[in-house]
Amino acid sequence: MKNKTALITGSTSGIGFGIAKAFASQGYNIVFNGLEPDGAEIAKTAAGAAGVDYLFSAANMLDPTAIRAFAAEALAKFGTIEVLVNNAGIQFVSPIEDFPEAKWDAIIGINLSAAFHVTKAIWPSMKANNYGRIINIASAHGLVASEYKAAYVAAKHGLIGFTKTIALEGAVCGITANSICPGYVHTPIVDKQIPEQMKAHNMTKEEVVEKVFLDKQAIKQFNTVESIAQSALFLASDAAFTITGIALSVDGGWTAQ
Ligand code: NAD
């Protein structure tokens, strides 16, 4: 039997890379994507370590034409994509009156519209195969808001709505679609927002970690890449065949409050 293939956007860093390694460890071929300058090397090393086949593409998730070419390349190489993880994302923190229009467009483009474009491109093959597992990496910010994150919160709320819609459409053709909603995970996206948070809240770095990041969570610990990756593996497993349309919180009790 041929190995299954998982396509993960934004998978040469952080959560996406953790998800890629977890699926590779289960024998999936991996389609990597990301803008890290050493992405090709990162993908080659991780796939080699797991002994699986792979493809790497630096397709820009802001460019629908590049996304369609990327999906076509992946399907040409592997025939079918069993698991699609829409994970690529960026963040920007600013009060609304200063929020740059270009940042709004980029966040909506990468964190929301790209999921639509990738899903649309892969969907016909999943439908023809009568099998698909779509996992969208949303956020606790897909369920609740925080100040100064207008674009991100809007995009992640939108992503959860998109996920529910394709869950309904996929139900008749073997495709499930779910969101994972992490709380804070210590990755580059979090590191990058520390200076912005310091400025927006007029706080020190230590205060940002304690009073902005972990204050939201009942469990005062960062979530881990590994716990998000294991959640993705579960949603792709046979045991999850009737789990569709959910938003799975992995957030230390943030949204329980
Ligand atoms: P990260 O910065 O480590 O990884 C983001 C990935 O997306 C990178 O590989 C990057 O190259 C890629 N990417 C960004 N813009 C791209 C573009 N235009 N085209 C292609 N790839 C692009 O951050 P992360 O924490 O691993 O974030 C992954 C996902 O998890 C994001 O959607 C993020 O919103 C979500 N998330 C993260 C946290 C957290 O605390 N880290 C919490 C909730 C949700």
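The values are calculated or read from the model by the stated rules, or taken from the named source; none is laboratory data. Quick caveat, the model's predicted, so the values are computed rather than measured. Virtual Cβ from ideal backbone geometry, glycine too; neighbours counted across all protein chains shown. When the accessible area is computed, the model is the full protein with side chains, heavy atoms only, and any ligands, DNA or RNA have been set aside. Shrake-Rupley method; radii C 1.70, N 1.55, O 1.52, S 1.80 Å.
Observations on the model:
- Within region 88-105, residues that are free of Cβ contacts under 8 Å to residues at least 40 places away in the same chain and open to solvent by 40 Å² or more (accessible area, probe 1.4 Å) reach partners that are of a type in the set (A, V, I, L, M, F, W, C) and within 13 Å of the ligand (Cβ to nearest atom) with beta carbons closer than 8 Å, at six or more positions or on different chains, in the pairs P100/F92.
- The residue that is nearest to K103 (Cα to Cα), among those in region 140-164 that are over 14 Å from the mean Cα position of the chain (by Cα) and open to solvent by less than 10 Å² (accessible area, probe 1.4 Å), is A151.
- Within region 181-209, residues that are without any contact (Cβ under 8 Å) to a residue 40 or more places away in the chain and over 21 Å from T224 (Cβ atoms) sit with their Cβ atoms under 7 Å from residues that are open to solvent by 70 Å² or more (accessible area, probe 1.4 Å) and not aliphatic (A, V, I, L, M), at 6+ positions apart or across chains, in these pairs: M198/K205; M203/K211.
- Of T255, T244, all but one fail to be open to solvent by less than 60 Å² (accessible area, probe 1.4 Å) and in a loop (DSSP other than H, G, I, E, B); the exception is T244.
- Selected residue [more than 24 Å from R68 (Cβ to Cβ), β-branched (V, I, T), open to solvent by less than 20 Å² (accessible area, probe 1.4 Å) and under 12 Å from the mean Cα position of the chain (by Cα)] from I137, I180: I180
- Taking the conditions (1) more than 17 Å from the chain's Cα centre (by Cα); (2) surrounded by fewer than 18 Cβ atoms within 10 Å (Cβ to Cβ) in turn, P188 satisfies each one other than (1).
- Filter pass, A167 being aliphatic (A, V, I, L, M) and open to solvent by less than 20 Å² (accessible area, probe 1.4 Å): yes
- In region 108-130, the residue that is surrounded by the fewest Cβ atoms within 10 Å (Cβ to Cβ) out of those that are small (G, A, S) and farther than 12 Å from N86 by Cα is A128.
- For A200, the criteria (1) outside any loop (DSSP other than H, G, I, E, B); (2) within 15 Å of the ligand (Cβ to nearest atom); (3) among the aliphatic types (A, V, I, L, M); (4) over 18 Å from V85 (Cα atoms) hold in every case but one, which is (2).
- Only a single item in (1) open to solvent by 10 Å² or more (accessible area, probe 1.4 Å); (2) within 13 Å of the ligand (Cβ to nearest atom); (3) under 17 Å from I228 (Cβ atoms) is not met by Q26, and it is number (2).
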